[in-house]
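Before any comments, here is the structure.
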Amino acid sequence: MSRLAPLEPPYAADIQADCDRIMPQDVPPLVLFRTIATSKRAWTKFRAASLLDRGPLSLREREIVIDRTCALTRCEYEWGVHVTIFAQAAKLTGEQVRATVLEPAEAACWTDAEQALIAAVDALHHRATLTRREFEALAAYFDGAKILEIFQLCGFYRTVAYLANGLDLPLEPTAMRFPES
C-alpha cells in the first residue's frame, strides 16, 4: 500500500479527463497518477512536464533514457510501466530491456549512438554533469534540442523515481519486474 492513499473512483471531472488523455483506453489510471492527483498543485506541475509527447527524440531514444534512469534510481515501479507499455513499440529487444538494468553503457546490444546516450544518462545520474568527452560523444549523435530533451527526461524521471520510491507505491500488477540477472 502506498504511503499516501491514492484517489479512488469516481474522480473529479478534470482528473478523469487528464487520465483519459494519458492512459490507454480501458486501462485504469496508474497508482502514481492517482496518488499525485491527491494534490491539485502537485498534479498540475506533474502534468506540465509533458515529456511523453512527440518531442525531438525518437520513441526508442526516449524510452532508453527513461528506462535507464528508472533502473539507476531503482524505480522498478516506473521502469516496469514503461517497459510494459513502450518496449515493443520502441523496438527494444529482451536483451536490451535487460541491459537497461544490468549492463554497462558499452554493452554490445547497443549502437554507438545508444551507447553515448546511455553513458550520458549514467553520468547525469552519478555526477549531475558530463565531462567534455562525454558531452562531445553525445553531441556527435544528438543535436542541441535532443540533448536538452535528454537532460529534461533524466531530471523528470528522477523526480518520478523520488515519488514512486518515496511513496512506496505498489507495483502495477501487469507491469514487468526488474530482471534478476
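Just so you know, all these numbers are worked out from the coordinates, no wet-lab data involved. As the structure is a computational prediction, the values presented were derived from the model and not from experiment. Here the Cβ is made from the backbone with ideal geometry for all residues, glycine too, and neighbour counts use every protein chain on show.
Using the 2.2 N^0.38 Å rule of thumb for compact globular proteins, work out how the chain stacks up: its C-alpha Rg over that value, please.
Values: Rg = 16.5 Å, N = 181, 2.2 N^0.38 = 15.9 Å.
It is 1.04.
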*With a cut-off of at most 12 other beta carbons within 10 Å, and DSSP calling the residue loop, which trypsin sites (Lys or Arg not before Pro) in the range 30-64 qualify? Please list them.*
54
_Using Cβ contacts closer than 10 Å as the measure, can you line up 82, 126 from fewest to most?_
126, 82
*Under the rule that a partner needs its Cβ under 4.7 Å from the first Cβ, which Cys of the chain have none?*
19, 109, 154
*Distance in nm between label sites at residue 41 and residue 143, each 7 Å beyond Cα in the beta-carbon direction?*
3.9 nm
*Does a label point 7 Å from the Cα of residue 49, set along Cα-to-beta-carbon, have any residues of the range 67-109 with amide nitrogen under 11 Å, and which are they?*
70, 78
*In nm, what is the difference between 0.36 nm times the number of residues separating residue 95 and residue 151 and their Cα-Cα distance?*
17.7 nm
*asked:* At 0.36 nm per residue, and after removing the present C-alpha to C-alpha distance, how many nm does the segment from residue 23 to residue 3 gain when stretched out fully?
replied: 4.9 nm
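Within the range 92-181, report the GluC sites (Glu not before Pro) that DSSP leaves as loop and that have at most 15 other Cβ atoms within 10 Å. Walk me through the numbers on the way to the answer.
On the way: sites: 95, 106, 114, 134, 136, 149, 180; in loops: 106, 180.
Those that pass, being in a loop and sparsely packed, are 106, 180.
What dipole magnitude, in Debye to the nearest 20, does the chain give about its Cα centre under +1 on Lys/Arg Cβ and -1 on Asp/Glu Cβ?
Values: 20 positive and 24 negative charges, 111 e Å.
Value, rounded to 20: 540 debye.
Would you list 53, 20 from fewest to most Cβ contacts within 10 Å?
Details: 53 6, 20 11.
Going from least to most buried by this count: 53, 20.
Could you line up 1, 23, 176 from fewest to most neighbouring Cβ atoms inside 10 Å?
Numbers: 1 9, 23 14, 176 17.
Least to most surrounded, the residues fall as 1, 23, 176.
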*MRE, 222 nm, helices only [DSSP H, n ≥ 4, -39500 (n - 2.57), over the chain, to nearest 500]*: -18000 deg cm²/dmol
